[in-house]
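Data first, discussion second: the structure below is written as structure tokens.
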Amino acid sequence: MAKNAGLLILSLSFLFFLFFSVAVSRNVTFDHRSLIIDGQRKLLISASIHYPRSVPAMWPDLVAAAKRGGVDVIETYVFWNGHEPSPGQYYFEDRFDLVRFAKIVRDAGMYMILRIGPFVAAEWNYGGVPVWLHYVPGTVFRTDNEPFKSHMASFTTFIVQMMKRENLFASQGGHIILAQIENEYGDIESVYGDGGRSYSRWAANMALSQNIGVPWIMCQQYDAPDNVINTCNSFYCDQFKPSSANKPKFWTENWPGWFQNFGTAKPHRPPEDIAFAVARFFQKGGSLQNYYMYHGGTNFGRTSGGPFITTSYDYDAPIDEYGLVRLPKWSHLKELHEAIKLCEQTLLYGTSKFLSLGSHQEADIFEHSGKCVAFLANVDERNDKLVIFRNVRYNLPAWSVSILPDCKNVVFNTAKVRSQNSRVEMVPENLKASAGSGKLSWQVYTEKAGVWGAPDLIKNELVDHINTTKDTTDYLWYTTSFYIDGNEFLSNGSLPILMVESKGHAVQAFVNGQLQANSSGYTIKLEAPITLRAGVNEIALLSMTVGLQNAGPFYEWLGAGLTSVKISGLRNGGLDLSGAAWAYKIGLVGEHQNIFKADGNHDVRWTPASDPPKNQPLTWYKVEVAPPQGNEPVALDMQSMWKGQAWLNGKAIGRYWSLTSSVYNKCTQNCDYRGPFSPDKCRTGCGEISQRWYHVPRSWFQPSGNTLVFFEEKGGDPTRITFARRRVTAGAPA
Ligand code: GAL
């Protein structure tokens, strides 16, 4: 009996082992048509959601909304500079908890694509590469360069090992079915010459040597080596040719919208056009496509790239910045996904035939085991067209694809939006005191213009901003003083002119402590009349970065900061101060003291102010507030302020800037979806503040005693800052 029981246990555990080992390991390969998971060809809808662009409390809902929208795969980049802030020091907490994010995706029953990069572009500061790497002697990014390759390989290996320890790769039973190395290298390879070519081969081989057991992709890398799949990024991908006949067509970045810069109007891409792009891709033999972005989110803190990329990374994506589904885009795409999924087997296993239905009308027909699927496209940008297909008349709207899962009935046409529109409002809510009578108690700390404490550097030249700050802060003070004899002023009373040139991104000029002028741009030429006095005058120039360049060949060498400072309009002509003795200070007192941190541990004396100063430069404001009512997503309405940064309970909300977009930005309220899309085709908000609302995640609030801190660079009115709750008034979230 005991022996039998032993046998039974043994065989049960053998069965369990068998079952378990079958269940735990997924075999992911590919052929010319698609990815093959456990022997089955797969047609996959993927969605980019970048974990640090939201907060862990939002992740489960974002992933669930993607799943409800018919998405199979969540794709994310890995953000190297967020994870390795200094060499060998790793960070995976909070918004950077990659494993937690990956497990949420897995637990939702979805696949994952890990775009390790670790160069990512992504409108992310410095393209995701840590700024410190630029200062490792001899380093040149993204070419055949030993220091770059060795740091990149060790970070890539670190990430791979971390995911392996958690058994997250499909080969280990996990859900990561693909990984990406590098990003859009093809376009820049020739710029780097032989170094570029050998680097891309090296990167591919380094990736393959990681033995993750699932395929690697490289995007826009036309000679990706065997076993590495080349993919496409663009607004349309139907002309895309795989790099070789035995590789499938994948689309890593299908852009449902676009990002925004401070000072430009908001880009939009209509649902009809994004649906058209997706349907065309599958019509033309694609088998995996990824929306970049499906949820764009927020560039919190100083993470946005640039320069000048807004803190919002909404992207006009199917899920908006705040985590609400955007209708009708989200639901139109959901219906599209359902229609495409009806065709999956026939598309992937069938034979395909092309049939011209007119000069701009095309049918692609797929047949397999007695089943037939057809995609009928009208690529005419203006005219609808009646066509006959298999003796049936079909009206094809201009710039549309009809999907016929049985070669007869149209279940979906990309130009016919059937789903509801959502209407969302930003409902203003005044800041309220945490407790008591309700009067807000503000506190203020004002920075003095110019170098504070001991200078970090004194030089008889204007230094590069980024080389000096190493991006530890946006701010660098350049200060010098000079003597003016009373006789040098012009007798007619005209003011001298200060002329400042800079490589960007923004500058404020103070003379003897008073703000005189400010300017911003990719290159700056500021000219402003200034008031000087007889005797010693101090010029203090605050140079500011607004996000570092995130892409392009040799992008890491682009500098910022002042290149020339002159004064004209004096009796003896002018003064060239460029070679004067300049004293430099990196960052602000408030930053060094971390006065925005929640613990309040610092030496700075805040001054209580029942009526805080307005239009005053270089001012820190602090106020204790109650959380906004209800549970809708929350933003700060910053239109009464000019430019600076904001924090809640020590968490960095990001840079704000009430820069207005030009009225000449060519906005349109009625965007014509027909015809090729470009980011400038459908903008809204010309002549308005480019970003007015700043997302503050609900999970950052406490039940009471919430501390808001603002640093205002130029001058604003903090008493008119409000919260705004994002309320859906029609088209409830699905
Ligand atoms: C692509 C790049 C992405 C992102 C996108 C624009 O070229 O690969 O990382 O920058 O452009 O949003």
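For the stretch 550-687, what ratio Rg/Rh do Cα atoms give with a Kirkwood hydrodynamic radius? Don't skip to the end; give the middle numbers.
Details: Rg = 22.3 Å, Rh = 21.0 Å.
So for the stretch 550-687, dividing Rg by the Kirkwood Rh gives 1.06.
Of LYS266/LYS416; LYS525/LYS714; LYS459/LYS503; LYS249/LYS385; LYS432/LYS643, which pairs sit farther than 27 Å apart, going by alpha carbon to alpha carbon?
Working: LYS266/LYS416 24 Å; LYS525/LYS714 18 Å; LYS459/LYS503 19 Å; LYS249/LYS385 29 Å; LYS432/LYS643 23 Å.
Beyond 27 Å between Cα atoms: LYS249/LYS385.
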How large is the direction-averaged shadow of the alpha-carbon convex hull of the stretch 457-587, in nm²? 7.8 nm²
With the 8 Å Cα cutoff and a minimum separation of six or more residues, the chain has a relative contact order in percent of 14 percent
If we sort 654-666, 515-527 on the protection proxy, mean other Cβ atoms within 10 Å, highest first, what's the order? 654-666, 515-527
Using only Cα atoms and rounding to the nearest 10 degrees, what angle (0 to 90) does helix 271-283 make with the longest principal axis of the chain? 40 degrees
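Output the peptides 494-503, 641-650 sorted from most to least packed, where packing is the average of other Cβ atoms within 10 Å over each peptide's residues.
On the way: 494-503: 19.4, 641-650: 21.2.
With the highest mean Cβ count within 10 Å placed first, the list reads 641-650, 494-503.
Taking the beta-carbon count within 10 Å as an exposure proxy, list SER610, SER434 from fewest neighbours to most.
Values: SER610 8, SER434 18.
Ordered from fewest to most neighbouring Cβ atoms within 10 Å, SER610, SER434 come out as SER610, SER434.
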How far is helix 146-165 tilted off the main Cα axis of the chain, in degrees rounded to 10, range 0 to 90? 60 degrees
In Å, what is the Rg of the alpha-carbon atoms in the stretch 40-326, and how long is Dmax? 17.7, 50
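I'd like the FRET efficiency for GLU527 and ASN391, computed as 1/(1 + (r/R0)^6) with the beta carbon distance as r and R0 of 51 Å, rounded to 0.05.
Details: r = 74 Å, r/R0 = 1.44.
The pair GLU527/ASN391 has a calculated efficiency of 0.10.
Note down the Stokes-Einstein diffusion coefficient of the chain in µm²/s, whole number, using a Kirkwood radius over alpha carbon pairs, 4 °C, and 1.567 mPa s.
So the translational diffusion coefficient is about 46 µm²/s.
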Along the stretch 207-224, Karplus-curve 3J(HN,Hα) (6.51, -1.76, 1.60; θ = phi - 60°) to the nearest Hz, with x for Gly and Pro, reads 4, 4, 6, 6, 6, 8, x, 10, x, 9, 10, 10, 9, 6, 10, 6, 10, 3
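Counting only other residues whose beta carbon sits under 14 Å from that of GLY174, what net charge do I get with K and R as +1, D and E as -1? Kindly include the intermediate steps, with their values, before the conclusion.
Numbers: positive: ARG26, LYS103, ARG106, LYS164, ARG165; negative: ASP38, ASP107, GLU166.
Charge balance in the 14 Å sphere: +2.
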Based only on other Cβ atoms within 10 Å, what is the fewest-to-most ordering of GLU272, GLU146? GLU146, GLU272
Relative to the longest principal axis of the chain, what angle (0 to 90°, nearest 10) does the C-alpha long axis of helix 98-107 take? 30 degrees
Which three extents, in whole angstrom, do the alpha-carbon atoms of the stretch 293-404 cover along their principal axes, largest first? 59, 34, 24
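Just to be sure I follow: if Rg is taken over the C-alpha atoms of the stretch 102-176 and Rh is the Kirkwood radius over the same atoms, what is Rg/Rh? Kindly include the intermediate steps, with their values, before the conclusion.
Details: Rg = 14.9 Å, Rh = 13.9 Å.
Result for the stretch 102-176 is an Rg/Rh of 1.07.
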Using only the Cα atoms of the stretch 390-497, what are the Rg and Dmax in Å? 33.3, 95
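Please identify the GluC sites (Glu not before Pro) of the stretch 673-713 that satisfy two criteria: DSSP loop assignment and at most 12 other Cβ atoms within 10 Å. Which are they? Working shown, then result.
Values: sites: GLU688, GLU712, GLU713; in loops: GLU688, GLU713.
Hits after loop and neighbour filter: nothing returned.
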What's the Kirkwood radius of the stretch 346-419 in Å, using all Cα pairs? 12.4 Å
Where does each of ARG571, ARG41 land when they are ranked from fewest to most other beta-carbon atoms within 10 angstrom? ARG571, ARG41
Place the peptides 75-85, 30-40 in order of packing, highest mean first, counting for every residue the other Cβ atoms within 10 Å and averaging per peptide. 75-85, 30-40
Of the trypsin sites (Lys or Arg not before Pro) in the stretch 383-465, which ones lie in a loop per DSSP and count no more than 16 other C-beta atoms within 10 Å? ARG390, LYS408, LYS416, ARG418, LYS432, LYS439, LYS448
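For a quick check of your reading of the filter: which chymotrypsin sites (Phe, Trp or Tyr not before Pro) in the stretch 535-571 sit in a DSSP loop and have no more than 16 other Cβ atoms within 10 Å?
Working: sites: PHE554, TYR555, TRP557; in loops: PHE554.
Those satisfying the criteria are PHE554.
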What's the Kirkwood radius of the stretch 130-231 in Å, using all Cα pairs? 14.2 Å
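Any read-out appearing in this document is the output of simple, stated calculations on the displayed coordinates, not a laboratory observation. Model, not experiment: these values are computed from the prediction. Reconstructed Cβ throughout: ideal geometry from the backbone, glycine too, with neighbour counts over all protein chains shown.
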